[in-house]
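These notes are about the structure you will find just below.
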Amino acid sequence: MRKFDSFPSSSYIDREDRAKSQAVHPGRQKGTSMIRIIVAVCFLALPLLSRAQSVFPVRDDGEARNRTYHVVHYKIEVSFDEKKKSVIGKTQVTLVPFLSEFKNIELDAEQLDIHSVTLGLGKPARYEVEPKMLVVHLDKPYSYGDTITVAVEYSCTPKKGLYFTQPDSGYPDKHWQIWSQGEDMDNHFWFPCYDYPNDKATSELIATVRKNYTVLSNGELVSVKENKKDSTKTFFWRENKPHSSYLITIAAGDYAILHDKAGKLPLQYYVFRDDTVDARMCFRQTPDMVKFFNEKIGYSYPWEKYAQVLITDFIEGGMENTSATSLLDWATVYDARQRLDNTPTGLIAHELAHQWWGDVVTCKDWRHLWLNESFASYFDPLYHEYWLGEDEFQMMMLNDQLAGVHVDTAVGRKPIVSVGSYGTNVYPRGAAVPSSIISQSINSPRSRQTI
């Protein structure tokens, strides 16, 4: 995941906002210098304040959760009422107990209206809805030799985890979209699951949307079915390799799909129809990045495809959902004029690196978020070194080191591996740590094996 304060493109935001303000309110250009100075000071202070904060809310002491079961597979079926911004869903969870006397299934489920819970082939089950959990009482004690499937039918109007982007009076041309953001533990607001990174399962997502929409999710697209009676389409996606539940994703909207390849790996860019030319320019280095990371890491890209999708009003800069990265639209696609001053290469490389660092190798608890973010933040500069030369890499590493020194001085020291570690610790400072350890020997066979 790439946070807002990681972007080198704040100058573009500032320029665009200034231009809009002057066009709409030309009379404000004079006599407001003090206000502009105050706003500018506050704006410049924001990155320091945000980097000195925890990346995610601190909820516990940081220890990995104790599991009483292992999820083998999720099957998630959803449809939507966009006017109400609500979800109608059915999720089947197939799991294996760890206990010899396994009597209850505890699923993370928050603000879901539960309609029914069944076991196996449809046997009704007793259940209790707690503030943050759904507790399913099994019909008998099960053991670690058993496999259990529980199906939950529900509806919800999520405030986290899944979002509806729609036009409004202020932005009448805004794109209609439905999209999710699971990290760190928000997916249980739209489907019941084990919502912690120390478990991995395969998954299916079956989504029914209006007929002009395209749906992107993890893994391979199995089928698309047109439902003529209600003018909808149903998309069936399947991820065949285990991944953590926070990486399960959906993005739906009226997209144009640009196709590319990195060797035999299919690449897909889900972009807005009026952005296709600029989007192809901005994504053009993706095949080269895949090739570089395959060789540098020594472990070939493992997922079925690699897709990148543009999201309006995305709450992060980017998110490395397994095989399907979500990207903030204005931070990714620039027109020809903007490309003179800005490039999305760092954002795209960072999120692609996460397909290894975060998706294949995943932190078991959020104290170890550095395992995801520090390595992705290090392999981004490595690609820049390959692309622009050693000086670029050294400058990026110097800036990362200085960011770590600065936050220590301004805010106080805190370990990289800690509860609520600063954003600077797990991103730029974290990147400087593997750089200092690995840089001298990354090309050696033993170092490659270690990675």
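At least 2 residues being of a type in the set (K, R) is the threshold, and among the strands (runs of 3 or more DSSP E) wholly inside the stretch 175-230 not one reaches it. Pairs are defined by a Cβ separation below 6 Å, a sequence spacing of at least 6 or placement on different chains, a first member in the stretch 349-373 that is closer than 16 Å to V55 by Cβ and in contact (Cβ under 8 Å) with a residue 24 or more places away in the chain, and a second member that is buried (at least 20 other Cβ atoms within 10 Å of the Cβ) and of a type in the set (K, R); the pairs so defined are H350/R2.
The single condition among (1) among the β-branched types (V, I, T); (2) modelled with pLDDT under 90; (3) over 25 Å from S244 (Cβ atoms) that V405 does not satisfy is (2). Taking into account only those residues within the stretch 47-76 that are polar (S, T, N, Q) and touching a strand residue (DSSP E or B) at 6+ places or on another chain (Cβ under 9 Å), which is modelled with the lowest pLDDT? Taking the candidates together, the pick is Q53. For the stretch 162-180, the candidate set comprises residues that are of a type outside the set (V, I, T) and crowded, with 22+ Cβ neighbours inside 10 Å; within that set, the residue that is farthest from D365 (Cα to Cα) is Q177. Taken over the stretch 374-420, the residue count meeting the criterion of being in a helix (DSSP H, G or I), among the aliphatic types (A, V, I, L, M) and surrounded by 16 or more Cβ atoms within 10 Å (Cβ to Cβ) is 6.
Per-residue answers, yes or no, for (1) touching a helix residue (DSSP H, G or I) at 6+ places or on another chain (Cβ under 7 Å); (2) closer than 20 Å to E183 by Cα; (3) of a type in the set (V, I, T):
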{"site": "R337", "(1), (2), (3)": "no, no, no"}
{"site": "N342", "(1), (2), (3)": "yes, no, no"}
{"site": "W356", "(1), (2), (3)": "yes, yes, no"}
{"site": "W366", "(1), (2), (3)": "no, yes, no"}
{"site": "G404", "(1), (2), (3)": "yes, no, no"}
{"site": "R429", "(1), (2), (3)": "yes, no, no"}
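The condition (being in a strand (DSSP E or B), under 30 Å from F189 (Cβ atoms) and more than 14 Å from the chain's Cα centre (by Cα)) is satisfied by just one residue among A252, A307: A252.
Taking the conditions exactly as written (in contact (Cβ under 8 Å) with a residue 12 or more places away in the chain and on the phi > 0 side of the Ramachandran plot), does D329 satisfy them or not? Criteria not met by D329. Filtering the stretch 136-163 to residues that are part of a loop (DSSP other than H, G, I, E, B) and among the acidic types (D, E) leaves only D146.
Per-residue answers, yes or no, for (1) more than 28 Å from E128 (Cα to Cα); (2) surrounded by fewer than 24 Cβ atoms within 10 Å (Cβ to Cβ):
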residue: D199; (1), (2): no, yes
residue: V215; (1), (2): yes, no
residue: S223; (1), (2): yes, yes
residue: K228; (1), (2): yes, yes
residue: W237; (1), (2): yes, no
residue: I248; (1), (2): no, no
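The values are calculated or read from the model by the stated rules, or taken from the named source; none is laboratory data. Quick caveat, the model's predicted, so the values are computed rather than measured. Ideal geometry is used to build each Cβ from the backbone, glycine not excepted, and the neighbour counts take in all protein chains shown.
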